[in-house]
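Take a look at the structure below.
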Amino acid sequence: MGRIIGISDIHGEYEKLCRVLEKITPKKDDTIIFMGDYIDRGKKSREVVDKIIDMKTICNCVYLTGSHEYAMLHAKSDEYYNYLFWNYGGDATAESYGGFDNIMKIHGDFFNSLKFYHIIGKYLFIHAGVKIGVPLEEQSEEDMVYIRSAFYTKPHHLPYKIIFGHTEFDTPQVQEDKICIDTGCGKYKNAPLTAIVIDETGKESFVNSD
């Protein structure tokens, strides 16, 4: 088995994604877990999605859903998620696809196939986190993509180290039972995209786009 790599919250920043991948240079036996929020804010959401789909020709890839994909998928049927999508950078996504309806025409199969979490070894990868005290199989979709401080400020007591994004910090936040890798890419102009790399010995390190 190769390295385990986690990347979250790309937000249409195609060039930063490419820089991170070039630094990591994924190999055939590596596994990349893309942890959601591929779209919105940055100008190249479509290019980001094309790139991460293409990566499965190079290594093993797992694709999770983020809060922005969740809002986009529910925008037509739910007024609240429609508001969230358009007010948190959805206009940039629609523009990159040449219109909102083109998003699902072009990448509908991909967006409909996204998972909420992925377990590999002792790690659980998820976009936002979990509700403390609720068994993993009973977690709500909304909590898994939207929860913030109710998760990251307390021990979660699950038998995994949780790797998550969604809540941005200046640097990766490493706790005994969890690590947040969202460093604000797409939200702040000069914020880097950060990946976690877990090598074959279990050593954890970080690679960013700077």
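Every number in this text was worked out from the coordinates using simple rules, so none of it is lab data. What you see is a predicted model; the values in this text were computed from it and never measured. Please note: Cβ atoms are built from the backbone with ideal geometry, for glycine as well, and neighbour counts cover all protein chains shown.
For Thr153, Thr31, Thr93, the sequence from fewest to most other C-beta atoms within 10 Å is Thr153, Thr31, Thr93.
Can you check what the net charge comes to around Asn60, using other residues whose Cβ is under 9 Å from the Cβ of Asn60 (Lys, Arg +1; Asp, Glu -1)? Show your work: numbers first, answer last.
Working: positive: Lys28, Lys56; negative: Asp29, Asp30.
Combined, the nearby Lys, Arg, Asp and Glu give 0.
Treat the count of other C-beta atoms within 10 Å as a stand-in for reagent exposure and order Met55, Met144, Met35, Met104 from fewest to most. If you can, show how the numbers build up before the last one.
Numbers: Met55 19, Met144 27, Met35 30, Met104 16.
With the fewest neighbours first, Met55, Met144, Met35, Met104 line up as Met104, Met55, Met144, Met35.
If the only charges are +1 at each Lys and Arg Cβ and -1 at each Asp and Glu Cβ, what is the size of the charge dipole of region 4-208 around the Cα centre, to the nearest 20 debye?
Values: 23 positive and 31 negative charges, 82 e Å.
I would put it at about 400 debye.
What's the exposure ranking of Ser8, Ser149, Ser209, going from fewest to most Cβ atoms within 10 Å? Before the final figure, lay out the partial values.
Numbers: Ser8 30, Ser149 9, Ser209 21.
Lowest count first: Ser149, Ser209, Ser8.
Per the Kirkwood formula applied to alpha carbons, region 159-206 shows a radius of gyration over Rh ratio, Rg over Rh, of 1.00.
Averaged over every viewing direction, what's the projected area of the C-alpha convex hull for region 1-119? Give it in nm², one decimal, please. Provide the component values of the computation, followed by the final result.
Details: hull surface 27.6 nm².
Mean shadow area of the hull around the Cα atoms is 6.9 nm².
Each residue of region 35-50 was assigned a 3J(HN,Hα) from its phi angle through the Karplus curve 6.51 cos²θ - 1.76 cosθ + 1.60 (θ = phi - 60°); the sequence is 9, x, 6, 7, 10, 6, 6, x, 8, 10, 4, 4, 5, 4, 5, 4 Hz, with glycine and proline shown as x. Within a straight-line Cα-Cα reach of under 20 Å, Lys131 can be paired with the following lysines, leaving aside sequence neighbours fewer than 8 residues apart in one chain: Lys115, Lys122, Lys154, Lys161, Lys178.
Using the 2.2 N^0.38 Å rule of thumb for compact globular proteins, work out how region 4-208 stacks up: its C-alpha Rg over that value, please. Don't skip to the end; give the middle numbers.
Values: Rg = 15.9 Å, N = 205, 2.2 N^0.38 = 16.6 Å.
This ratio for region 4-208 stands at 0.95.
The GluC sites (Glu not before Pro) of region 173-208 meeting both criteria, a DSSP state outside H, G, I, E and B (loop) and at most 15 other C-beta atoms within 10 angstrom of the site's C-beta, are Glu176, Glu200.
Build a GNM of the chain with springs between Cα atoms under 10 Å apart, and of Ala195, Ala150, Ala94 the one that fluctuates most is Ala150.
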